[in-house]
Amino acid sequence: MKNFNHLIDLNDFGKPQWDEIISLGEKIMDNPHIYEASCRGKIMGTLFYEPSTRTQMSFQSAMLRLGGGIIGFDNPTASSVMKGESLKDTTKIVSSYSDIMVMRHPVAGSVKAAALTADCPIINAGDGGHLHPTQTLTDMLTLHKEKGRLTGLRIGICGDLKYGRTVHSLVKALSCYEGNSFVFISADELQMPDYITAPLEKWSKSDSIDEAIGGLDVLYMTRIQKERFPSGEEYERQASRYILDPGKLKKAGEDLIVLHPLPRLHEIDAAVDSDPRALYFKQAHYGMYVRMALILIMLNYDITPPVLLKGETHGGAKCKNDNCILQNEPHLPQSFIKNDGVITCEYCESRFAL
């Protein structure tokens, strides 16, 4: 197993490194010309197994603005994946051509699986409904720029909290900063998974934007993700329940900021765009700078590589999550963390009793 500085989960880096990335992102934003040749001669491989606009293009723009080059694909049907090539073989080949690689995949745990045999550092650009650490870094830079702090915030998170990888990563990160509290605004069917809420000290649930918005510093909206739902019927039932419009914003404080990882569908009325509290387009712009900072730090700084697998097999136990990479790649080592009679899959973080 290679020993590279992968970013699979934001927790692979310590909080001081998060702050360092955010600080460097702000410096790049203020003086971009200083960094324009920082990655000259470097190549970034981009493997996007599912559609993306902001994440893919912001990574590409980041590398190009740093003076580097790009290889990869944004449509797996145009690669040997279409011929049945395994995840391991694809990432093994592309990583051998690259100095750093960025990967998005619809299956949870896929980026960690790729990192086990990759020949360069890998950045997780989203693995199914699991994690999205670079979106979280984008959100943190936005909060730091617009609120001036990452502490003492009351954060409402609305919409698809069950399948939304962006909010899973965000909550895990912001819970590490002092004084933050969370309001999860969603239907019971789409509430935050237990593995996210279990470590939290300050959180509550609400089924109404109207009831929650008045006390918030941040409202983080998410779309209902049709591609994550097991059926179209379940998607249609939930899609229109949580919509932010100017009427609801009247109940919010003047210092509220509204964020969204985008793309949006109908969950934010277009009339909200002109409200000065709506910062989701600026948020997307910030994403390019934080990814420039991340690339520079991963390529040039001495970071302690994460331990990818810490667990072990347990009596033939298998992950029960149908969307876990263990179901697709039979060569992978089964690895679980055991705690009080419950085991957690190290790839997708699903929990189940022994």
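The values are calculated or read from the model by the stated rules, or taken from the named source; none is laboratory data. Values in this document were obtained by computation on a predicted structure and should not be read as measured data. Ideal geometry is used to build each Cβ from the backbone, glycine not excepted, and the neighbour counts take in all protein chains shown. Just the protein is used for accessible areas: all its heavy atoms, side chains included, with ligands, DNA and RNA removed. Shrake-Rupley method; radii C 1.70, N 1.55, O 1.52, S 1.80 Å.
At-a-glance table
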item: Top-ranked residue in the stretch 300-325 [being surrounded by 12 or more Cβ atoms within 10 Å (Cβ to Cβ) and of a type in the set (S, T, N, Q); ranked as farthest from the chain's Cα centre (by Cα)]; result: T313
item: Complete set of residues in the stretch 123-149 that are more than 20 Å from P193 (Cα to Cα) and open to solvent by 10 Å² or more (accessible area, probe 1.4 Å); result: H144, K145, E146, K147, G148, R149
item: Filter result (without any contact (Cβ under 8 Å) to a residue 40 or more places away in the chain and either at positive phi or of a type in the set (D, E, K, R) (or both)) within the stretch 28-59; result: D30, E36, R40, G41
item: Test: residue in the stretch 246-266 that is over 20 Å from G152 (Cα atoms), small (G, A, S) and modelled with pLDDT of 90 or more; result: yes
item: Residue selected from the stretch 80-114 under the condition hydrophobic (A, V, I, L, M, F, W, C), in contact with a helix residue (DSSP H, G or I) (Cβ under 7 Å, 6 or more places away or on another chain) and under 20 Å from V307 (Cα atoms), by the criterion surrounded by the most Cβ atoms within 10 Å (Cβ to Cβ); result: V102
item: In the stretch 131-163, residue modelled with the lowest pLDDT [restricted to those that are part of a loop (DSSP other than H, G, I, E, B) and either in contact with a Gly (Cβ under 7 Å, 6 or more places away or on another chain) or of a type in the set (V, I, T) (or both)]; result: Y163
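Quick grid of which residues meet (1) open to solvent by 50 Å² or more (accessible area, probe 1.4 Å); (2) in a strand (DSSP E or B); (3) in contact (Cβ under 8 Å) with a residue 24 or more places away in the chain; (4) touching a Pro at 6+ places or on another chain (Cβ under 8 Å):
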{"site": "I213", "(1), (2), (3), (4)": "no, no, yes, no"}
{"site": "V258", "(1), (2), (3), (4)": "no, yes, yes, no"}
{"site": "L265", "(1), (2), (3), (4)": "yes, no, yes, no"}
{"site": "K282", "(1), (2), (3), (4)": "yes, no, yes, no"}
{"site": "G287", "(1), (2), (3), (4)": "no, no, yes, no"}
{"site": "V290", "(1), (2), (3), (4)": "no, no, yes, no"}
